[in-house]
Amino acid sequence: MSTPLILFGACDRHNFGDLLLAEVAARRAAPRPLIVAGLAERDLSAWGGRPVRAIGALAHAFADTPADVLHVGGEILTCSLYEAAVMLLPAAQAQAAIAAHDRDPAAGERWAQALLGLQQRVAYQVPRRLFRRPRRFVYHGAGGVDLDRVPAALRTEALANLRAADAVVVRDAVTHAHLARAGIRAGLAPDPAELVALLCGAEIAHAAAAGEVAALRARFAAGYLAVQFSADFGDDATLRLLAAQLAAAQAATGLGLVLFRAGLAPWHDDAAVYRRLLGFLPGGSAAVLFDSAVLWDICALLAHAAAYCGSSLHGRIVAAAFARPVLGLARPSPHVGKHAAYAATWDGADGPAVVAPDGLARGLETRLARSGAELASAAAARARQAAGGLPIPAAT
């Protein structure tokens, strides 16, 4: 029997991009035998994900069996084990853990290591020493735009893991520059999720033809704007500003507004925040909250949107893969975030690719002016580059 390929990532919690990255990697690696792994054992099948095994237990089970590991991507180079452990908890337990450990990083690190049974600082990197007979260790679609800003010990560990890898491909020029300065040779290619239309089109078409997405397509015959933002946009002042900007965009375009959640894990999206935004919109606004958080339903919602605006990088990537206009949303910051870094590397269009809340309406006007042919051509080019940059370990 050929050596199974372990797909390792943050696919053990509900986050749209992480679930999708595991699925894309699985389809690209077929027909190799696969094991999907994360930090904890979970079953995300109800959300369109897969059953996930805990990497620590998996390494123990492999014992003297050779192991190939493909890190499936995401902003994995800067995510600490403590942050990941919190995001794996139910909301109430997550809040209790934050209250107990947020002011004492060392205690938080020890708590996370004990909870997950792992002795490491970086969450979603597999140290080669974890397996007795590591074979090929590969990274694809990795991000780490804040690598120069994380604690030194975490950065040192992340870089050491990359130096021990057989191949590293990152998804943005900022991360690529960080690694180059550290003496690490890495490839640069678009995020693997750029292949979603090619690899997952049948499931997405099925989701679009029935259920909630089909009902929205019928309700908003003139089209809808798919809108998403994380819970940290949830203060009243920001919500009022977003509501005013969305109302202006709606008045200019006649589009409906569909708010959706791109992640249910702690620190991601919050339906209660969206409901408060709906309350700040003018009376009679054509706006709804999308109920489903299933992977394929979200993909279908984005594939058929007139445009996407949000803080989720993979919301952007999936919508753009289906040749939809996209606009990133970020809080003002002196630092380049992952959304802006990715857009600067692969967008290539005129006008802002990522805006603060007060620039939403104007930014959408610019993005909607792009032609469908231009968007389709750019999507096809990114997909070709993503496919060419994916280093799947060969079976034995």
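The values are calculated or read from the model by the stated rules, or taken from the named source; none is laboratory data. All values reported here derive from a predicted model rather than from experimental measurement. Methodologically, a virtual Cβ is constructed for each residue, glycine included, from the backbone with ideal geometry; neighbour enumeration extends over all protein chains shown.
Just one of the numbered conditions (1) within 16 Å of residue 124 (Cα to Cα); (2) in a loop (DSSP other than H, G, I, E, B); (3) modelled with pLDDT under 95 is not true of residue 78: (3).
Give me the pairs, please: first residue somewhere in the stretch 372-385 and within 12 Å of residue 197 (Cα to Cα), second residue anywhere and among the acidic types (Asp, Glu), beta-carbon distance under 8 Å, and either six or more positions apart or on two chains. Taking only residues 6 or more apart or on different chains, the pairs are 379/194; 382/194; 383/194.
Among the candidates 344, 323, which residue alone is under 22 Å from the mean Cα position of the chain (by Cα) and in a loop (DSSP other than H, G, I, E, B)? Quick ask: steps written out before the conclusion?
Values: 344 fails: in a loop (DSSP other than H, G, I, E, B).
Sole residue among the options that is under 22 Å from the mean Cα position of the chain (by Cα) and in a loop (DSSP other than H, G, I, E, B): 323.
For the stretch 10-23, state whether one or more residues are modelled with pLDDT of 95 or more, closer than 26 Å to residue 313 by Cα and part of a strand (DSSP E or B). Among the residues of the stretch 10-23, not one is modelled with pLDDT of 95 or more, closer than 26 Å to residue 313 by Cα and part of a strand (DSSP E or B), which makes the answer no. Would you say residue 134 is surrounded by 15 or more Cβ atoms within 10 Å (Cβ to Cβ), under 30 Å from residue 186 (Cα atoms), at pLDDT below 90 and not assigned by TED's automatic domain parsing to the domain that holds residue 341? In short, yes.
In this structure, does residue 269 turn out to be touching a residue at least 24 places away in the same chain (Cβ under 8 Å), over 23 Å from residue 376 (Cβ atoms) and not assigned by TED's automatic domain parsing to the domain that holds residue 29? Criteria met by residue 269.
Each residue in the stretch 81-104 was checked for being assigned to a helix (DSSP H, G or I) and under 25 Å from the mean Cα position of the chain (by Cα), and 14 pass.
Among the listed residues 264, 289, 278, identify the single one that is surrounded by fewer than 19 Cβ atoms within 10 Å (Cβ to Cβ) and either free of Cβ contacts under 8 Å to residues at least 24 places away in the same chain or small (Gly, Ala, Ser) (or both). Reasoning before the result, please.
On the way: 264 fails: either free of Cβ contacts under 8 Å to residues at least 24 places away in the same chain or small (Gly, Ala, Ser) (or both); 289 fails: either free of Cβ contacts under 8 Å to residues at least 24 places away in the same chain or small (Gly, Ala, Ser) (or both).
None of the others qualify; the one that does is 278.
Residue under question is residue 228, and the condition is that it be under 30 Å from residue 98 (Cα atoms) and either touching a Ser or Thr at 6+ places or on another chain (Cβ under 9 Å) or free of Cβ contacts under 8 Å to residues at least 60 places away in the same chain (or both); does it hold? Taking the combined requirement at face value, the residue satisfies it.
Against the condition in contact (Cβ under 8 Å) with a residue 40 or more places away in the chain and of a type in the set (S, T, N, Q), how does residue 345 come out, does it pass?
Values: in contact (Cβ under 8 Å) with a residue 40 or more places away in the chain: yes; of a type in the set (S, T, N, Q): yes.
For residue 345, the condition - in contact (Cβ under 8 Å) with a residue 40 or more places away in the chain and of a type in the set (S, T, N, Q) - is met.
Any idea which of 171, 181 is free of Cβ contacts under 8 Å to residues at least 12 places away in the same chain, within 30 Å of residue 331 (Cβ to Cβ), touching an Asp or Glu at 6+ places or on another chain (Cβ under 9 Å) and charged (D, E, K, R)? Spell out how you get there, then give the answer.
Numbers: 171 fails: free of Cβ contacts under 8 Å to residues at least 12 places away in the same chain.
Criteria check complete, one pass: 181.
Would it be correct to say that residue 157 is more than 17 Å from residue 69 (Cβ to Cβ) and in a helix (DSSP H, G or I)? No.
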